[in-house]
Amino acid sequence: MKFPSRSRLLRFFLATALSLAAIGAIALTGLYFYLTPKLPPTEALQDVRMQVPLRVYTADGQLIAEFGEQKRIPLHYEQFPSDLIHAIISAEDDRFFEHPGVDYKGLLRAAINLILTGERGQGGSTITMQVARNFFLSREKTYSRKINEILLSLKIEDELSKEQILELYLNKIYLGRRAYGFAAAAQVYYGKGLDELTLPQLAMIAGLPKAPSTYNPIVNPERALLRRNYVLGRMQELGYISAEQHQESILAPVSATDNNTITDLRAPYVAEMVRAEMFDRYGADAYSFGYKVYTTIESRLQQAANQAMHDNLMAYDRRHGYKGAETHHEPDETADEEGWKTLLQDLTTVGGLQPALVIAVEEKEAVCYLVDGTRLVIPWEGMEWARPYINENSLGDEPKTAADILRVGDVVRVEQDSSGNWLLAQVPEVSAALVSLQPTDGALLALSGGFDYFQSKFNRALQAERQPGSNFKPFIYSAALEQGFNLASIINDAPVVFEDAELESEWRPENYSGKFYGPTRLRVALVNSRNLVSIRLLQSIGIGTAINYMTNFGFDPKHLSRDLSLALGSATITPFELARGYATFANGGFLIEPYFIRRIEDNDGNLLYQADPLIACDDNCADVVPPAQAEPVSDISVEAVAPEVTESPEENVDLSVEALHLPRPAPRTLDARNVYLMRSVMQDVIKQGTGRRALHLGRTDLAGKTGTTNDQLDAWFSGFNNDVVTTVWVGFDTPRSLGNRETGGHAALPLWIDYMREALHDRPEATMKQPEGMVSALIDANTGQLSSADNPNAIFELFRTEEMPQPAPLTAGGTNGTSSGSTITEELF
């Protein structure tokens, strides 16, 4: 048998190898031309839209909230610290700046592993390939996906620079805890910007892409430490850090904490209002397109609203006694610290009140344990308030020792006062709402819809439709002034019984005091909130007339009671609607449209929307633009709004309101003189009526009105000056009595005072200028008729000039009532 020569064999194998290579090359070329058209176009590679969450800010730039599943803070390449880039290169792809997008050495290792073991591996996955996979491909491990990944990586490298690719990676990669990109990871794990992180911290987050869950420094600090030190070691090997830096860094402790919900200011009710509005505008894209919403909220005032809400609801709660521990556990459940943690671990902090377990009770103090391991002491001063609750009007005996209040095994709530002392507390059942507006344009300055949004998302400021009680009376009195009454008009405050078909029963209204005061001037009746006068006044002007008049304050007639109980505030109205109504008194008689979004920007800072509110002004609106609205306004334009001015002022100059973007005047719905009269009465409410507590603010420019409904179900106070109008409501979500003494002046007014103290502290006193066509005249306080100066009952009252009351009839002795015969005109001013 004759064998082929060695040279012939060599030629055969060579020819076979070349043929196979040619076939392989043809197959690869065909595969390339087949798959390449299916790859994403160049435009998509160069204009990848980051899924950036919706962020909500105050007017002064404080972050209120963030909405969206993916936390991301996109940065440009040059904004990333060089230590981070070196750490990423060291950990993920040390040949990144050398290879063309595919590391062939790594791929060869993966191929050899497949031949030897029959198993697919991950070898050779470069940063570019990770970008391709994360942006455009699934994560399934198939041959076709891997080929697409390689081809797409080559295309990316051909179209983008290395810096652009790395920028995409640094902004896109998932790093655990909803953080996408390294800037977001720095915020989530350390609560800082990337430029504030240390080398060990940068190395820690640089180690996350390999396995974000496994190397999470919060969940798995031990594994995260090993991964961090590996990254630091690679950085030293590649010459990015010195041996001294390496040694110092690996000794640094794991310092990551959970900062997933960091905000600058707590305003969750406002944030939810913005979220709902943005969803209405943009749908689901609102959560991923990186919109930035700047609200009208002033952070200083919102903080004041938060504090006033907390302090006053806690004060109400303490006035009404201690309801006992939330739960109690017997000693076998609280034998050791591990058991203590187990009992507390599922309880959340509510309104700043932390859950605590009582572990020891002494004569005048108690020792408590917090879930984070803190042991604290509540001194006697922090618990002596805790008389047992019996009902809203009754308390038990005063405690003598701590054992009268607490037992070992009680789960209670605690908080710290401003001095750091611990206090026994309980989550209030009572709730409240606060709405504060800028009356000149309706900008929302602060809003709180309850004690804790995360305990109850019900926004009482917008959603609680409650009876305003006497808080509604100023609107009725304003209507009466337009129907021929004046502030000196006399109405009899006497018992009355109404057979009212609308009320379906006999109605015997009374004053809060239960007393009757006889003939009463309108000013006195409103200052002292006389119910019977208000009812007779409404009866006189007519229910239909009054309801039609209420549209001047923005109230919907459909929601108003069509019976005489309207005079006592029986309609159901939200705090937001009441604040808007009072703004008409505060701004001189104009109906504004409240708003809370100042402007909307896209992720690049381009203006998408800017509010163009109605402004309370008569002729020259440009002079009264609110300070918060310093920039030009436009409904939708994102371009410059200033008109082009040529050298010749007569040519091509559009001086229209639209071109100049002058403020839009709000409609005047009340006569300025009516407003002035009503404000003077509501100033008396504070000077000498049911709102006297507000005198503690030491101002003379405040006006307002209390409100209390039957059985003290609701307590209100609405008050204002020229600059700020604020409405406060206090009550239970399921209506029940607040207690016999919990009137508007006792339960709601203190909250209003605490807020307004901050809202007005840097504002000069601002009073309304007296309009033309008004006169101040002496009247008899008993009759409301004109009087002379020698009448001991003579007082001054304001009138519209054409509505001056008549002089009292002359008596047989030639005098008008109790006064002497000096002429009336001498008493006019």
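The numbers here are math on the coordinates, done by the rules we state, and not lab data. Not measured: the values here are computed from a predicted model. As a convention, Cβ positions derive from the backbone with ideal geometry for all residues, glycine included, and neighbour counts pool all protein chains shown.
How much net charge surrounds residue 736 when only the other residues with a Cβ under 10 Å from the Cβ of residue 736 are counted, with Lys and Arg +1 and Asp and Glu -1?
Numbers: positive: none; negative: 392, 429, 711, 733.
So the surrounding residues net to -4.
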Give a residue-ordered list of calculated ³J(HN,Hα) values for segment 691-707 (Karplus: 6.51 cos²θ - 1.76 cosθ + 1.60, θ = phi - 60°; whole Hz; x for Gly, Pro). x, 4, 4, 5, 4, 4, 6, x, 10, 10, 9, 9, 9, x, 8, 7, x
Segment 323-482 - Rg (one decimal) and Dmax (whole number), Cα, Å: 21.1, 74
So, in Å, what gap is there between the alpha-carbon centers of segment 662-704 and segment 544-606? 17
Just the Kirkwood number for segment 509-549, please: inverse of mean 1/r across all distinct Cα pairs, in Å, one decimal. 10.9
At R0 = 35 Å, how high is the FRET efficiency between residue 790 and residue 741 if r is their beta carbon distance? Nearest 0.05 is fine. 0.25
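Which net charge results for the neighbourhood of residue 299, defined as the other residues with beta-carbon distances under 12 angstrom from its beta-carbon, given Lys and Arg at +1 and Asp and Glu at -1? Provide the component values of the computation, followed by the final result.
Values: positive: 266, 300; negative: 60, 264, 298, 758.
Taking every Cβ under 12 Å from that of residue 299, the sum is -2.
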Flagged as over-length at 28 Å C-alpha distance, from 71/457; 210/292; 71/341; 172/341; 172/192; 323/364, the pairs are 210/292; 71/341; 172/341
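Using alpha carbon coordinates only, what is the Rg to Rh ratio of segment 219-339, with Rh defined as the Kirkwood radius? Display every interim value, and only then the final one.
Details: Rg = 25.0 Å, Rh = 21.2 Å.
That ratio equals 1.18.
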Output the peptides 61-74, 426-439, 595-608 sorted from most to least packed, where packing is the average of other Cβ atoms within 10 Å over each peptide's residues. 426-439, 61-74, 595-608
Here, residue 618 and residue 377, labelled 7 Å along Cα→Cβ, have an inter-label distance in nm of 6.7
Over its alpha-carbon atoms, segment 249-288 yields an Rg and a Dmax in Å of 17.3, 51
What's the ranking of 489-495, 50-56 by average number of surrounding C-beta atoms within 10 Å, highest first? 50-56, 489-495
Just to compare against my own numbers: the Cα pair-distance distribution for segment 370-455, 10 Å bins, whole % per bin, please. 13, 32, 30, 16, 8, 1
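Gain in length, residue 400 to residue 311, computed as 0.36 nm per residue apart minus the alpha-carbon separation, to one decimal in nm?
On the way: separation 89, 0.36 × 89 = 32.04 nm, distance 2.55 nm.
Result for the pair: 29.5 nm of gain on full extension.
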Computed Rg/Rh of segment 383-433, alpha carbon atoms with Kirkwood Rh: 0.99
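Computed FRET efficiency, Cβ-Cβ of residue 218 and residue 251, R0 25 Å: what is it to the nearest 0.05?
Working: r = 20 Å, r/R0 = 0.82.
In this case the efficiency is close to 0.75.
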Project the alpha carbons of segment 352-419 onto their principal axes and report the range along each, largest first, in whole Å. 38, 26, 24
Inter-site label distance for residue 804 and residue 763 at 7 Å from Cα along Cβ, in nm: 3.6
Determine the gain in length on full extension of the stretch residue 680-residue 421; use 0.36 nm per residue of separation and subtract their C-alpha separation, reporting nm with one decimal. 88.8 nm
Using the Kirkwood formula on alpha carbons, the hydrodynamic radius of segment 145-292 in angstrom works out to 17.8
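Explain nothing, just the number: dipole magnitude of segment 179-312 about its Cα centre with +1 on each Lys and Arg Cβ and -1 on each Asp and Glu Cβ, in debye rounded to the nearest 20. Intermediate results must be reported in sequence, preceding the final value.
Numbers: 11 positive and 14 negative charges, 66 e Å.
The dipole of segment 179-312 has a size of about 320 debye.
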Using 1/(1 + (r/R0)^6) with R0 = 41 angstrom and r between the beta carbons of residue 226 and residue 51, what's the FRET efficiency to the nearest 0.05? 0.85
Students often check this: by mean Cβ neighbours within 10 Å, which of 575-582, 531-538 ranks highest, and how do the rest follow? 575-582, 531-538
Could you state, as a whole-number percent, how many of the C-alpha pairs of segment 310-392 are farther apart than 14 Å? 70
Starting from the 7 Å offset along Cα-to-Cβ, what nm value, one decimal, do you get for the label separation of residue 454 and residue 384? 3.4
More than 16 angstrom apart: percent of Cα pairs within segment 694-800: 68
